[in-house]
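This report refers to the structure that appears directly beneath it.
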Amino acid sequence: MFKYNFIYEFKRLIRSQWIQVLSILLFAVFSFAVFNGQQKTQKRLEEISSVKEKLKTSEAQMLSVLDSIEQGFQVSVSRWRLPSNPMTIGNKHPRLVEMPPHQWTFISTGQSDMYSHYVKPTVQANDFELSFTEMTSPTQLLFGSFDLTFVIVYLLPLIIIAFGFNILSYERESGALKLLASQPVSLTFWVFQKLVLRFLWLSVIVILTLYLIFSGNGINIFKEMATFFSLIGVICAYMLFWFALAFLVNIFGMNSAKNALVLIGLWILFVLLVPTVINQVGNTLYPMPSRTIMVNKMRSIKANATKKQDEILDNYLRDHPEFAINDSTQNRTFWHRYMASQALIDKALKPVVSNYNKQLRKQQNWLDKLKWLSPSMRVKAALNNTAGTSTTDYENFRNQALAFSEQWRKHFIPFLYNNTPFSSKDYEHIPTYQYRQKAHSNMATIGILFAIALLMFAIGLLASKNLKYKMNLTIS
Amino acid sequence: MILKTLSKEFKESFRNGKAKIAFSIVVILLFTSVWLSMQKYNNANKEYLKATESERHIWDNQGEKNPHSAAHYGTYAFKPKQPLSLIDKGVDKYVGTTIFLEAHYRNEAQFSAAADQTGTSRFGELTPDFILLFLIPLLIILLGYNIFTKEKEQGTLFLLKSSGASINQLTLGKWLSLFIPIFLCTTIVFIIAGILLSNLNDYGTFSWTSLISMWSIYIGFYIVFINIVMLISYVSKRSGLSLVIALSVWIFTCLVTPKIASTLAENKYPYPTRQEFQAMVTKDKKQGLDGHNTWNEEAQLLKEKVLKEYKVDSLHQLPFNFDGYRMQKGEEYQAAIYSKHYNNLKAQYENQNKTYKTLAAISPFLPTRFLSMSIAQTDYATHWHFSDAAEQYRIQTQKFLNDNFAQNSVFGDWKYKADSSTWSALPQFNYTPQSLSTIIDTNKSYLIILGLWVLLSFSTLYLTIKLK
């Protein structure tokens, strides 16, 4: 029976042009999505390299000036911009702290349209003065972008619904069910076979189109096979989940319109309502402290610090006797007072700022607890992780950048308080930054999704022994 | 005939469990979202008032200080919530609410809510606009997908036709049966929102006219959707097919088109990154007058010009402090550079807007989305308006401080300190949002597009029924 089912289903799919239409549709949609993703990634790469280029030029200029100073020549640079002053290097010649895209970033825009991909921490700036948000039109953020993740999470289930909602009901509505019921096969098993076949066909089409589009766009899938397979794994598991839902609805459902309604209802539930409600509840349970109030606090602290600059410097030097002892000149400039105040402000604000991270972490934990309430949410998160554009990736980058900022400051402060001039030799030892990608694994997502789908199939197969009764097909 | 059809459809919907459940879910969600929105709105308003007051307090009590130190110390402008953001939050979540106003720099608004949230918030939020824009059209589909097909499936369409019933009257009856529940539900929500808003103590600029305009936009959108759903049901043979087509239309207009629009707009008219933008500004600034740098070429030219103008040969003989004067000139020059670059950015945004308008021709969702948030004053244009107002205030503040410096001190006297009572003489920053007529005027084209959608959908429905 399986053989016949396979052959006839294949013939039917070809003749009804299901396969052709689907292939063209998927090809078009995937191509558009991949093209957009690639363009975004390309732009990001170009920006980073152009900034690097600029930094290099200004670095070369600075080094030549520094060289002239060391040789004892006169230089035409204003006094407060002399590169022999460590503060000039620390502020005017920062390192680039960048988050470059990787090969698979194009699959998901994620949070990449909202956050910056590079910052240049300076010695003088406070941590909270580093801006990590990007200048994007908010309308664009509101609408989101048309990327591969959108197609997979939102549109692919709809295609499955459109081609799977009326498998059994169509047979009945067209009158073929009675013929089918006379065959020596369980109806449930017949629907199961049909849906599994459709799943296989759809998977083949999806994998092939993706492979073609990826190769056409110059993405070498053989370079990072593991990621490609995990991507395919997530997509297939997600598709199987929707086929399993369609299976249950087909078996327990009645007519085509009702089936379609139920499936669409589930789609709205998983894709729109559950994520929205979970997010809302998360925000209510762990609300972000007000940023405006934070600004107020910061202002009061700063106002106090400015008033007592001299006192703060004295206290600072008392806390750091190593600076006071090593320096014979005891020369104190604006920078000495300023950096001491900054250190104080940073210390005072640390709990306020870390509160935001804490709340964000709490929200994320809340979402992690409930993530299986919506497989769509889960899949979107998995794809964002694969692309390296998830909230945690940006948090990771932010933390790395802040750590580097700290390292950068710490490197220059001894120069400042010891009043040591900066030399080209010292320049060779300044800290540099390298982005460390956070490793994600999609195995759990794939495994659990497959398990859920199989469980649903099993429930359907076991619980529908009386399907023939329900369909009024038995002769009593 | 119209009334009979109407009462029959009502009875049917009422007895239909699915319709009842769906309708109740949407209504419950709608009221919940209004309630949630209200809480947030009150909270945000309280914070705004507190922050503004405390910031002003800090500014007023700076004590004796050089005016230019005060300029660097700066002040903050906070963005107030607009009353109708209760219904449509628009892009509020994605724009900053706080602008730091200081000497020499025009800063971007900081701290958008979305940047402080997890990625899940990008799925959307349970706000009234989400329900009004996405779920009510779905409800229309649910109530109406089989409005004609069921008659076909049961064979009653022929009976009706043969009994001499006018198809126009039948259609009108059916149309009303879809329109009335949606109309009532929307109207009640808007009335409740209006009552809630007008009972607030500091409801600022709330006006019933704006609320009614917004309400009529949504009613127009629903009319278009009802027409489309009825048209689909009329031409489809089976209910299942009709449902699938109607849903595809919904997905295409409400989900896919906005994303395509934003993607095309971004590809065609990209924004610079923040760092690129700052680099462009810095480059321009370097070429002109620098208020701090006496040896700057432009500063020398200014000096000569002023000396000539006042017919004196040393800066000490001027009736004002030249340092303050030069700072003010530098400030004006820098403000002009910012204005230039922000205007370029605005031009880019206008270009992006053109893409949205073009695509509004294939999706009634887009004109509704834009009109709704512009009336609610939660759109991007309002944000521009606010940040421009803050910039004007910044320029005004700098002039106030530099003038004080120039008039009350002598050249070279950087030790000068203004009296501690100086600061409170600076007027407060008060943001006046745009009037409804200005908003309607700038969004005319969206209004026309939505109007065309209403007209075209009506006439297509009418013609199809007449001809078929």
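In the range A:345-443, what GluC sites (Glu not before Pro) fall in a loop by DSSP, with at most 10 other Cβ atoms inside 10 Å?
Answer by residue number: A:GLU428.
Taking the simple approach of a point 7 Å from Cα along Cα-to-Cβ for both A:LEU179 and A:LYS56, what is their distance in nm?
Output for this residue pair reads 7.2 nm.
B:LYS89: which aspartates and glutamates have alpha carbons under 16 Å from its alpha carbon, excluding same-chain residues fewer than 8 sequence positions away?
The qualifying aspartates and glutamates are B:GLU125, B:ASP129, B:ASP379.
Given the -39500 (n - 2.57) contribution per DSSP H run of 4+ residues, what per-residue ellipticity at 222 nm results for chain B, rounded to the nearest 500 deg cm²/dmol?
After summing the helix terms and dividing by residue count, I get -22000 deg cm²/dmol.
Mind checking the angle between helix A:18-71 and chain A's longest principal axis? C-alpha axes, 0 to 90 degrees, to the nearest 10.
10 degrees
Where does each of B:389-399, B:298-308, A:99-109 land if you order them by average Cβ count within 10 Å, highest first?
A:99-109, B:389-399, B:298-308
If R₀ is 22 angstrom, what is the calculated FRET efficiency for the pair B:ASN61 and B:GLN392, using the beta carbon separation as r and rounding to 0.05?
0.35
For B:ALA279 and B:LYS161, what does the FRET efficiency come to when R0 = 45 Å and r is the distance between their Cβ atoms, rounded to the nearest 0.05?
Result of the calculation: an efficiency of 0.05.
Measure out, as a whole number of angstrom, how far apart the alpha-carbon centroids of the range A:185-211 and the range A:232-258 sit.
11 Å
When the dipole is taken about the Cα centre of the protein assembly as shown, and only Lys, Arg (+1) and Asp, Glu (-1) are charged at their Cβ, what size is it in debye, to the nearest 20?
Magnitude of the dipole: close to 3760 debye.
Which of the aspartates and glutamates could a cross-linker span from B:LYS65 if the Cα-Cα distance has to be under 17 Å and same-chain partners fewer than 8 positions apart are dropped?
A:ASP310, B:GLU102, B:ASP323, B:ASP403, B:ASP413, B:ASP419
Distance in nm between label sites at A:LYS43 and B:SER435, each 7 Å beyond Cα in the beta-carbon direction?
Taking the two extended label points, one gets 3.8 nm.
Mind scanning B:LYS20/B:LYS174; A:LYS362/B:LYS268; A:LYS40/A:LYS425; A:LYS194/A:LYS371; B:LYS20/B:LYS237 and naming the pairs with a C-alpha gap bigger than 28 Å?
Table pairs above 28 Å Cα-Cα are A:LYS362/B:LYS268; A:LYS40/A:LYS425; A:LYS194/A:LYS371.
Could you name the aspartates and glutamates whose alpha carbon sits less than 18 Å from that of A:LYS258, not counting residues in the same chain fewer than 8 places away?
Result set, ordered by chain and number: A:GLU171, A:GLU173, B:GLU12, B:GLU151, B:GLU153.
Distance between the C-alpha centers of the range B:301-326 and the range A:59-82? Whole Å please.
What the calculation gives is 33 Å, centre to centre.
Cα centroid distance between the range B:368-385 and the range A:385-446, in Å?
39 Å
Using 7 Å Cα-to-Cβ label points, what is the A:SER441/B:ILE251 separation (nm, one decimal)?
With each label point 7 Å from Cα toward Cβ, the separation is 3.4 nm.
By how many degrees, between 0 and 90 and to the nearest 10, does the Cα long axis of helix A:2-15 differ from the longest principal axis of chain A?
Compared with the principal axis, the helix lies near 70 degrees.
By the scheme Lys and Arg +1, Asp and Glu -1, what is the net charge of all other residues having a beta-carbon under 15 Å from that of A:TYR211?
0
Can you give the calculated 222 nm mean residue ellipticity of chain A, where each DSSP H run of n ≥ 4 adds -39,500 (n - 2.57) and the sum is split over every residue, rounded to the nearest 500 deg cm²/dmol?
-22500 deg cm²/dmol
Using a 1.4 Å probe, how large is the accessible area of A:ILE452, given in Å² and rounded to the nearest 10?
Roughly 50 Å² of A:ILE452 is accessible to a 1.4 Å probe.
Computed FRET efficiency, Cβ-Cβ of A:LYS362 and B:GLN287, R0 60 Å: what is it to the nearest 0.05?
Result of the calculation: an efficiency of 0.75.
In peptide B:29-36, how many Cβ atoms from other protein chains are near each Cβ within 10 Å, on average?
1
May I ask you to give the solvent-accessible area per residue for the protein assembly as shown, in square angstrom, as obtained with a 1.4 angstrom probe?
44 Å²
Taking the 0 to 90 degree range and rounding to the nearest ten, how far is the long axis of helix B:380-408 tilted relative to the main principal axis of chain B, both from C-alpha atoms?
10 degrees
The values are calculated or read from the model by the stated rules, or taken from the named source; none is laboratory data. Since the structure is predicted, the reported quantities are computational estimates derived from the model, not experimental observations. Don't worry about glycine lacking a Cβ; one is built from the backbone with ideal geometry, like all the others, and counts go over all protein chains shown. Protein only, heavy atoms only, side chains kept; ligands, DNA and RNA dropped before computing areas. Shrake-Rupley method; radii C 1.70, N 1.55, O 1.52, S 1.80 Å.
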